[in-house]
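The values are calculated or read from the model by the stated rules, or taken from the named source; none is laboratory data. Predicted, not measured: the structure shown is a model, and the values here were computed from it. Counting neighbours? That spans all protein chains shown, and the Cβs are built from the backbone with ideal geometry, glycine included.
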Amino acid sequence: MRILVVGAGSTGGYFGGRLAQAGRDVTFLVRPARAVRLRDEGLRIVSPHGDFAVTPKLVTADALQGAYDLVLLTVKAYALESAMEDIAAAVGTETMILPVLNGMRHIDDLRERFGGKAVLGGLCRVMTTLDAQGQIVQLTKMHDLVYGELDGTVTPRISAVDAELQGAGFAAQLSEHVERDMWDKWTMLASLAGITCLMRGTIGEIEAAHGGAAFAVRFMDEVTSVVKAVGQPPRAAVLEAVRAAVTQKGAPTTASMYRDLMQGGGVEADQILGDLLSRGERAGIDTPLLAAAYAQLGVYQNRRG
């Protein structure tokens with residue numbers, strides 16, 4: 001199976017690197033500057049599961065030719081529009097696109113551009129970052145990649161994807177309810193991102209402040225109310241896990257959006273919080289804390305230009 005990994009940043013580089021290490025036919029679609037560094041230094045991963053390096057097969061958008069069997073789309077959600085332009089030459093009539101972006105809006109955008117048949121459901125759970133040397137550093141042992149047909153059927157093509165991804169050095173999981181899994185992740189991510197970005201602190205710091213834990217629970221309840229109304233209601237176990245995560249004493253936990261914010265980088269505010277807020281407003285749900293978090297991130301984005 002010919003696999004195109006879109007992006008060799010911390011997420012795409014990690015999963016694509018694992019696939020390459022396992023001998024899969026993987027090509028990374030990268031920007032020219034990233035291509036130069038990877039050609040010179042290789043793709044290096046520092047991981048609790050063992051460090052390794054691979055010499056990646058690379059292509060830039062202007063040199064992309066021929067359809068791939070699977071496109072693993074790992075860009076930030078705000079880069080989706082340009083990524084769709086980049087991958088157009090790689091998408092044929094039988095190509096499957098596996099996005100692991102945050103939120104749900106990208107599914108509609110990809111379907112509109114490439115047709116419903118092309119798009120799979122997917123998500124990942126991994127904490128990685130790029131260090132100053134360009135290495136991909138895995139921060140925890142968790143490295144889950146979940147995928148499936150959006151209608152829940154187990155088709156021959158998704159079974160073939162599953163066979164390709166199994167045994168590649170990460171936890172690959174074929175899901176028969178991947179859309180629900182995606183809504184579950186959005187519930188966790190929107191709660192954690194909104195809480196930590198609005199309060200500008202870790203979960204432990206917020207919990208230790210007067211009224212901090214109660215605030216976190218109210219924020220989570222607003223997110224959950226929207227998801228229940230417009231999406232697939234989170235499972236009880238998921239809600240219990242989210243509540244525990246956002247109120248844990250002493251926890252150093254932050255959202256990736258918070259880390260991007262503190263580093264002065266771009267944030268996925270529109271896709272993680274703004275889209276959820278808009279869906280809630282259309283359903284007539286009042287979410288003042290969610291609105292405050294999104295407005296505050298809007299101020300930040302406007303300052304960045």
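Looking at Ala295, Ala251, Ala229, Ala241, which one is in contact with a Lys or Arg (Cβ under 9 Å, 6 or more places away or on another chain) and not polar (S, T, N, Q)? Before the answer, list the steps.
Details: Ala295 fails: in contact with a Lys or Arg (Cβ under 9 Å, 6 or more places away or on another chain); Ala251 fails: in contact with a Lys or Arg (Cβ under 9 Å, 6 or more places away or on another chain); Ala241 fails: in contact with a Lys or Arg (Cβ under 9 Å, 6 or more places away or on another chain).
After applying the criteria, what remains is Ala229.
Of all residues in the stretch 42-63, count the ones that are of a type outside the set (A, V, I, L, M) and over 18 Å from Gln138 (Cβ atoms). Don't jump to the end; show me each part of the working.
The initial filter retains those residues of the stretch 42-63 that are of a type outside the set (A, V, I, L, M), namely 42, 44, 47-52, 55-57, 60, 62.
Then keep just the ones that are over 18 Å from Gln138 (Cβ atoms); that gives 55, 57, 60, 62.
The total comes to 4.
Does Thr155 satisfy the condition of being touching a Ser or Thr at 6+ places or on another chain (Cβ under 9 Å) and either crowded, with 20+ Cβ neighbours inside 10 Å or not assigned by TED's automatic domain parsing to the domain that holds Thr253 (or both)?
Values: touching a Ser or Thr at 6+ places or on another chain (Cβ under 9 Å): no; either crowded, with 20+ Cβ neighbours inside 10 Å or not assigned by TED's automatic domain parsing to the domain that holds Thr253 (or both): yes.
No; evaluated as a whole, the condition is false for this residue.
Provide a single number: the residues in the stretch 121-131 that are at pLDDT below 95 and farther than 15 Å from Arg259 by Cβ.
Step one: of the stretch 121-131, the residues at pLDDT below 95 are 125-131.
Now drop any that are not farther than 15 Å from Arg259 by Cβ, which leaves 125.
Qualifying residue count for the region: 1.
Would you please list the contacts, defined by Cβ atoms under 9 Å and residues six or more apart or on different chains, that run from a residue in the stretch 93-113 that is within 17 Å of Thr155 (Cβ to Cβ) to a residue that is charged (D, E, K, R) and part of a loop (DSSP other than H, G, I, E, B)?
Taking only residues 6 or more apart or on different chains, the pairs are Glu94/Asp69; Thr95/Asp69; Met96/Asp69.
Does Ala90 satisfy the criteria of being surrounded by 13 or more Cβ atoms within 10 Å (Cβ to Cβ), assigned by TED's automatic domain parsing to the domain that holds Leu139, out of contact with any Phe, Trp or Tyr (no Cβ under 6 Å at 6 or more places or on another chain) and not hydroxyl-bearing (Ser, Thr, Tyr)? Give the derivation first.
Working: surrounded by 13 or more Cβ atoms within 10 Å (Cβ to Cβ): yes; assigned by TED's automatic domain parsing to the domain that holds Leu139: yes; out of contact with any Phe, Trp or Tyr (no Cβ under 6 Å at 6 or more places or on another chain): no; not hydroxyl-bearing (Ser, Thr, Tyr): yes.
Spelling it out, it is not the case that Ala90 is surrounded by 13 or more Cβ atoms within 10 Å (Cβ to Cβ), assigned by TED's automatic domain parsing to the domain that holds Leu139, out of contact with any Phe, Trp or Tyr (no Cβ under 6 Å at 6 or more places or on another chain) and not hydroxyl-bearing (Ser, Thr, Tyr).
Go through the stretch 201-252 and give me each residue that's crowded, with 16+ Cβ neighbours inside 10 Å and either of a type in the set (Ser, Thr, Tyr) or in contact (Cβ under 8 Å) with a residue 60 or more places away in the chain (or both).
Listed by number, the residues that qualify are Thr202, Phe215, Phe219, Glu222, Val223, Thr224, Ser225, Val226, Gly231, Thr247.
Looking only at helices (runs of 4 or more DSSP H) that lie completely in the stretch 208-305, which have at least 3 residues being under 21 Å from Val75 (Cα atoms) and at pLDDT below 95? Steps first, please.
Details: elements: 212-230, 236-246, 256-262, 275-282, 288-304.
Filter on the stretch 208-305 gives 256-262.
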